[in-house]
Amino acid sequence: MNLKNFSFETDADGIATIIWDMPGKTTNLIDESAMDDLDAIAERLATDAGIRGAILTSAKEGFCGGADISMLTGLNLLVSEAGRDPEAVEKLYNGVSRLSRVIRKIETCGKPVVAALPGTAVGGGYEIALGCHHRIAAKVPRARYGLPEGKIGLLPGAGGTQRLARLLGASEALQLMLKGTIPKMSGALGARLIDKVVPKGRLLAEARKWILANPGAAAPWDIKGFRIPGGPPYSKSGMMTFAAANAIYRRETYDNYPGLRALMKAVYDGLLVDIDTALRIEARLFAHVLMTPEARNMMRTLFFSMRELGRGARRPAGVKTKKLRKIGIIGAGLMGAGIAHVTAAAGLRAVLLDRDLEAAEKGKAHTAKAITKRIAQGRATSKEREAVLARIHASDTYADLRGCDLVIEAVFENRDIKTEVSARAEAVLGRGTIYASNTSTLPITSLAATSKRPENFVGIHFFSPVERMMLVEIIIGEQTGDTALATALDFVSAIGKTPIVVQDSRGFYTSRVVGTYISEGHAMLMEGVPAAMIENLGRIAGMPMGPLALNDEVAIDLALKITRATKADLGPAYPGAPGDALLEAMVETHGRLGHKNRKGFYDYPKIGKKTLWPGLAKLLPPVKPPEDFDAEEIKQRLLVIQALETARCFEDGILTDVRDADVGGILGFGFAPFSGGPLSYIDMVGTGDFVARCKALETKFGPRFKPSALLIEMAARGESFYGRFAPEKPAREAA
Ligand code: NAD
């Protein structure tokens, strides 16, 4: 056997130890050459009478990170370029089903095969482990196991949907796979994704022991009389499972995700037949999903672009990486406290400064509270809490900021206070310290105007809640230097979040686009569209919440404040928005500020769910019956207005990279993830059709839908954003 990625040794007892160790890679991945090897290994196991059993393990830290996604996109491209001609489709089917066939060959080799997992096994890597007869993992608490494919628009395609459903039952397997949950070691053991956990040094010995005790191992589903846990679809419990799963699927996805729909179908149809037929059903569904634009766009944005941005795609070349050690945070309120928490949790030291020590300590207590909650959930230890807290120094003294590599200001959104704070900080900071503002509305260039070192000044815009939101928007002011940008990017990478880089302007990128979604909701109210209809259609269109609920979250008085500031700045050029008077009345007359005072477009009772505020009707023209409106048009309006604003940001140079637009759109404001982001949405509709939609909406609803010059030009030339503005890619090396 001539293996490129594995070593294969058989001992005196006839037990083969197969060690996966892809040359030149830090992680094992499944590509063509790994599949060639696995195929040869399966053949050998089946045919070599001297072999009694095998241990499949890895020399890397983890077992396997899954399929090489570029291999999958390559197959997708093959079909889109060949225009779905039968030959290309067949090639695609054979390509995507190969791993499934190889795993089946291992599973049916007739000898017991144990997956001895030194660490993480996810996606295709976990599917290989599932095809083995037993799964033993090393005691590595951070290691993760499971099938995350659903998260990037796919379904597990190498037997995962079939084996997991037969192992755990349809209900549990669907819950894990639809959400793409990949629990850490102890969670995985509890969920029975792995069979046993042993100390790392015992891994191979335990695997051996199992082989010797189970000489004739076959998968449970290959043994006569096998019963599916929880019953097959046509059983009383099966009927209940699938009826509920279908309802949950609809509620969570509004059927916008072809990958998840196929996943449900694969499990349902697959459990009606034998495993071999089931694997073919799964492979066909997988190939079908791979051909959808949704899968292509989601893989591109949520896998490649996110990874590229996370790995410094926007980092200025030529600035040396500096290891960040000490970060200053001024303002220990909602945002500052969260920033201190994520900083310290990432192993960096944080100085958390406020006007007085009491306020600073209160900010630090936020971290203590958050980790205590995690301890109660069994997700952290008190030792970890103490270590993180020891890295946060609460202070009211600017001199404590000395020696910081980066200082982030998160005081009140008030220009005078921010100016005073930056001057006091600069007085103690060294020349090399980078200074960032977390402002949500004030242009960075204007804040940097009073700075002695404007080249060191940058915007680092976090989202709330800081711990949960994965996106950070970095804003380049007119004078921001490369070192400041690089430091901001290095910091975001150190805390494990995804950065996008945008140019300075009113609302930057994310706030500006989100504003259009919210305003469109207001405009609909003024047209007499029932509020519930607007909210439901927002979610059905793919947004995480309706525009009115979102306005409540970001605060209605903030929306009013921003409108007034825009009006003041633009003067007579301010075009006005249909909901301006409504905002005024909500805040000024009725004190409805949003979720924060439990009174917004919704009422927020102390106990129970929010409900639409009945008083809203009095502020609006008479509500018309839902039948008077075209639901499809409302859905389109809510997405088109955001995509159009994103295209304008691109045209204005606020966005300079399509990846920032799409990753920021999904992670920042939840733009219909199935589309791959606002620019991918335009590409998916087609620029020609998108411009036509804009024009039709412009005629009916006004100039805010006027397509921009760039869009019109692209439509005329038949261009797409990813065609014309494809970012210069680093070599797409494997995940
Ligand atoms: P907050 O009111 O919760 O906290 C502000 C903190 O700054 C308070 O602890 C206050 O005591 C402190 N502070 C005020 N003046 C100070 C001074 N002179 N010196 C030191 N500390 C001072 O506000 P927040 O929601 O955390 O917002 C902070 C900044 O982050 C604002 O610029 C805001 O626009 C921005 N922001 C907020 C959000 C959000 O969702 N809340 C999101 C992104 C950005």
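Considering only 501, 519, 190, the residue lying farthest towards the positive end of the dipole of the chain is 190, judged by Cα position with unit charges set on Cβ.
The simple Förster model, with R0 at 25 Å and r as the Cβ-Cβ distance, assigns residue 218 and residue 7 a FRET efficiency of 0.45. Of the accessible area of region 481-552, computed with a 1.4 Å probe over protein heavy atoms only, carbon and sulfur atoms account for 56 percent.
To the nearest ten degrees, helix 482-494 and the longest principal axis of the Cα atoms of the chain are 50 degrees apart.
Between amide H atoms placed 1.01 Å from N, distances below 5 Å from residue 55 occur with 16, 17, 18, 114, all of them 5 or more places distant or on a separate chain. Could you tell me which of the pairs 561/610; 111/139; 111/224; 323/497; 139/184 are separated by over 19 angstrom between their Cα atoms in the structure shown? In this structure, 561/610; 111/139 lie more than 19 Å apart at Cα. Per residue, region 274-363 exposes 43 Å² of accessible surface when a 1.4 Å probe is rolled over the protein heavy atoms with every protein chain present. Taking K and R as +1 and D and E as -1, what net charge do the other residues with C-beta under 13 Å from the C-beta of residue 696 add up to? Surrounding charge for residue 696 is 0. Across the chain, the mean sequence separation of Cα contacts (distance under 8 Å, 6 or more residues apart), normalised by length, yields a relative contact order of 9 percent. In this view, the solvent-accessible surface of residue 43, computed with a 1.4 Å probe and all protein chains in place, comes to about 90 Å². Each helix, a run of at least 4 DSSP H residues, gives -39500 (n - 2.57); summed and divided by the residues of the chain, these come to -15000 deg cm²/dmol at 222 nm. In this rough spin-label picture, where each label sits 7 Å from Cα along the Cβ direction, the residue 373-residue 709 distance is 4.9 nm. Using a probe of 1.4 Å on the protein chains alone, the accessible area found for residue 132 is around 10 Å². For region 326-504, averaging the sequence separation of C-alpha pairs within contact (under 8 Å, six or more residues apart) and dividing by the residue count gives a relative contact order of 20 percent. Take each peptide in 575-583, 315-323, count the other Cβ atoms within 10 Å of every residue, and average; sorted highest first, the result is 575-583, 315-323.
Summing charges over all other residues whose Cβ lies under 12 Å from the Cβ of residue 670, with Lys and Arg as +1 and Asp and Glu as -1, gives 0.
When 301, 10 are compared by accessible surface with a 1.4 Å probe, the order from highest to lowest is 10, 301. Helix 86-107 and the longest principal axis of the C-alpha atoms of the chain enclose an angle of approximately 60°.
Taking all C-alpha pairs of the chain, those more than 35 Å from each other amount to 52 percent. The angle between the Cα long axis of helix 236-253 and the longest principal axis of the Cα atoms of the chain comes to about 30 degrees, rounded to the nearest 10. Length available on full extension from residue 355 to residue 506: 0.36 nm per residue minus the Cα-Cα distance, which gives 51.5 nm. Counting heavy atoms of the protein chains alone, residue 628 has an accessible area of about 100 Å² for a 1.4 Å probe. Count Lys and Arg as plus one, Asp and Glu as minus one, and take only other residues whose Cβ is under 10 Å from that of residue 555; the net charge is then -1.
The values are calculated or read from the model by the stated rules, or taken from the named source; none is laboratory data. Keep in mind that what you see is a predicted model, and the values were worked out from it rather than measured. Counting neighbours? That spans all protein chains shown, and the Cβs are built from the backbone with ideal geometry, glycine included. Please note that ligands, DNA and RNA were not included when accessible areas were found on the heavy atoms of the full protein model with its side chains. Shrake-Rupley method; radii C 1.70, N 1.55, O 1.52, S 1.80 Å.
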